Amino acid sequence: MNRNFGSQSMINPLRRVLVRRPDEAFGRADPVRWHYTDRPNLVLAQQEHDAFVASLSQAGVEVIYHYGALPDHADAIYVHDPALVTDQGAIILSMGKALRRGEEAAMAYRFESLDIPILYTLHGQALAEGGDLLWLNDHTLAVGQGFRTNAEGLRQLQEALRGLNVELIPVQLPYYYGPEACLHLMSLISVVDDRLAVVYLPLLPTPFWQYLKERDFQLIEAPDEEFETMGTNVLALAPGQCLMLEDNPVTRQRLEAAGCEVLTYRGNEISLKAEGGPTCLSRPILREE
């Protein structure tokens, strides 16, 4: 039976993905309000995004657009965050960044139009963003606990995933630059192949590092200067095939030395001025088992 959704992996071959092209809300974003380094140039941002999408398409990925009306939601181009797609349907999350609230319902509506069932919707005091949710394998989900995902979010995710035989691993995140900055678990680690991940060790919590080493993960270290340019934010298109921001030469060389095929994209406007790399710009809907 052919599936049209299911993505309990960071590395299985990516077959369907949701993206959102930068719109006027992104182009007029106030850098102070949105915690960007500068106001994005919308024309250049759209060109960069089109090239990013072309890389996905050339890799054999079906690209689906999310066009729902979200005025004054500059971060809505980072479609990874409002939801998690499981083998039984989508879990609609609850954004920890107050300015992003409202993206969840728009994404749920888009999923329904694609015949993706809604398995669960976080509610009440729960907070959780997709950037804090990292599949270590198809039955193990690491959950960052920081400013964007709280303990009640973790509890409701456990409830939502109870029928899928998924173990949740809480990962306590550092304060770093505080509540206004975006520090997701996936800011610190990307899984790119079976038991292979690129990491930024200085901020990786020691218990989580120990957990990974006990399970024979090989950890590729991104240097300090490339953590600042999102060298740790890497999207796996298939096991050992990945897409990352250009101008991270040391991390790229280390990935290639570990046997990975590395593709790059230019993201001066859509990534470096804002707060989201290739994983943030994409919401996997279907990965092959």
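Out of I91, I77, I need the residue that is of a type in the set (V, I, T), in contact (Cβ under 8 Å) with a residue 60 or more places away in the chain and under 13 Å from S282 (Cβ atoms). Which one?
Checking each option against the conditions leaves just I77.
Which pairs have Cβ atoms under 7 Å, sit 6 or more apart or on different chains, and link a residue in the stretch 23-49 that is at pLDDT 95 or above to one that is of a type in the set (F, W, Y) and buried (at least 17 other Cβ atoms within 10 Å of the Cβ)?
A29/Y36; P40/F26; L42/F26; A45/F26
Would you be able to say whether some residue in the stretch 107-120 is acidic (D, E), over 19 Å from M10 (Cα atoms) and without any contact (Cβ under 8 Å) to a residue 24 or more places away in the chain?
For the stretch 107-120, residues acidic (D, E), over 19 Å from M10 (Cα atoms) and without any contact (Cβ under 8 Å) to a residue 24 or more places away in the chain: present.
Mind counting the residues in the stretch 51-60 that are more than 24 Å from E104 (Cβ to Cβ) and not hydroxyl-bearing (S, T, Y)? Walk me through how you get there before you give the answer.
Step one: filter the stretch 51-60 for residues more than 24 Å from E104 (Cβ to Cβ), giving 51, 54-55, 57-60.
Pick out the ones that are also not hydroxyl-bearing (S, T, Y) and you get 51, 54, 58-60.
The total comes to 5.
Answer yes or no: is there a residue in the stretch 184-203 that is loosely packed, with under 15 Cβ neighbours inside 10 Å and touching a Gly at 6+ places or on another chain (Cβ under 9 Å).
Scanning the stretch 184-203, I find at least one residue that is loosely packed, with under 15 Cβ neighbours inside 10 Å and touching a Gly at 6+ places or on another chain (Cβ under 9 Å), so the answer is yes.
Given the conditions (1) in contact (Cβ under 8 Å) with a residue 24 or more places away in the chain; (2) more than 28 Å from E180 (Cα to Cα), and given that Q58 satisfies all but one, which numbered condition is not satisfied?
Condition (1) is where Q58 drops out.
Which fully enclosed helices (runs of 4 or more DSSP H) of the stretch 163-279 have 2 or more residues being of a type in the set (S, T, Y)? Steps first, please.
Values: elements: 206-214, 224-227, 249-257.
Fully inside the stretch 163-279 and qualifying: 206-214.
List the number of the failed condition for K273; all other conditions in (1) more than 27 Å from L42 (Cα to Cα); (2) touching a residue at least 12 places away in the same chain (Cβ under 8 Å); (3) out of contact with any strand residue (DSSP E or B) (no Cβ under 6 Å at 6 or more places or on another chain) hold.
It is condition (1) that K273 fails.
So, in the stretch 121-147, exactly how many residues are without any contact (Cβ under 8 Å) to a residue 60 or more places away in the chain and under 14 Å from D81 (Cα atoms)?
Summing the residues that are without any contact (Cβ under 8 Å) to a residue 60 or more places away in the chain and under 14 Å from D81 (Cα atoms) in the stretch 121-147 gives 10.
Does L196 meet the test of being in contact (Cβ under 8 Å) with a residue 24 or more places away in the chain, of a type outside the set (K, R) and within 18 Å of A257 (Cβ to Cβ)?
Values: in contact (Cβ under 8 Å) with a residue 24 or more places away in the chain: yes; of a type outside the set (K, R): yes; within 18 Å of A257 (Cβ to Cβ): yes.
Criteria met by L196.
I need the full set of residues from the stretch 167-192 which are over 19 Å from the mean Cα position of the chain (by Cα) and either modelled with pLDDT of 95 or more or β-branched (V, I, T) (or both), in order please.
Listed by number, the list holds a single entry, E167.
Within the stretch 205-214, is even one residue among the charged types (D, E, K, R) and over 18 Å from V63 (Cβ atoms)?
Initially, the stretch 205-214 is screened for residues among the charged types (D, E, K, R), giving 213-214.
Okay, now just the ones that are also over 18 Å from V63 (Cβ atoms), so 213-214.
Yes.
Which one of these is buried (at least 21 other Cβ atoms within 10 Å of the Cβ) and within 25 Å of V32 (Cβ to Cβ): G231, G277, G178?
On the way: G231 fails: within 25 Å of V32 (Cβ to Cβ); G178 fails: buried (at least 21 other Cβ atoms within 10 Å of the Cβ).
On inspection, the qualifying residue turns out to be G277.
Looking for whichever is touching a strand residue (DSSP E or B) at 6+ places or on another chain (Cβ under 6 Å) and either surrounded by fewer than 14 Cβ atoms within 10 Å (Cβ to Cβ) or hydrophobic (A, V, I, L, M, F, W, C) (or both) here; the options are A69, A25, A59. Which one fits?
Working: A69 fails: touching a strand residue (DSSP E or B) at 6+ places or on another chain (Cβ under 6 Å); A25 fails: touching a strand residue (DSSP E or B) at 6+ places or on another chain (Cβ under 6 Å).
Only one candidate qualifies: A59.
Condition test on L203, is it at pLDDT 95 or above, of a type outside the set (S, T, N, Q) and touching a Pro at 6+ places or on another chain (Cβ under 8 Å)? If you could, list the steps in order and put the result at the bottom.
On the way: at pLDDT 95 or above: yes; of a type outside the set (S, T, N, Q): yes; touching a Pro at 6+ places or on another chain (Cβ under 8 Å): yes.
Taking the combined requirement at face value, the residue satisfies it.
If E289 satisfies all but one of (1) more than 23 Å from V43 (Cα to Cα); (2) part of a loop (DSSP other than H, G, I, E, B); (3) touching a helix residue (DSSP H, G or I) at 6+ places or on another chain (Cβ under 9 Å), what's the number of the condition it fails?
Only one criterion is unmet by E289, namely (3).
The values are calculated or read from the model by the stated rules, or taken from the named source; none is laboratory data. Quick caveat: nothing in here was measured; it's all calculated off a predicted structure. Glycine gets a Cβ as well: all are built from the backbone with ideal geometry, and neighbour counts include every protein chain shown.
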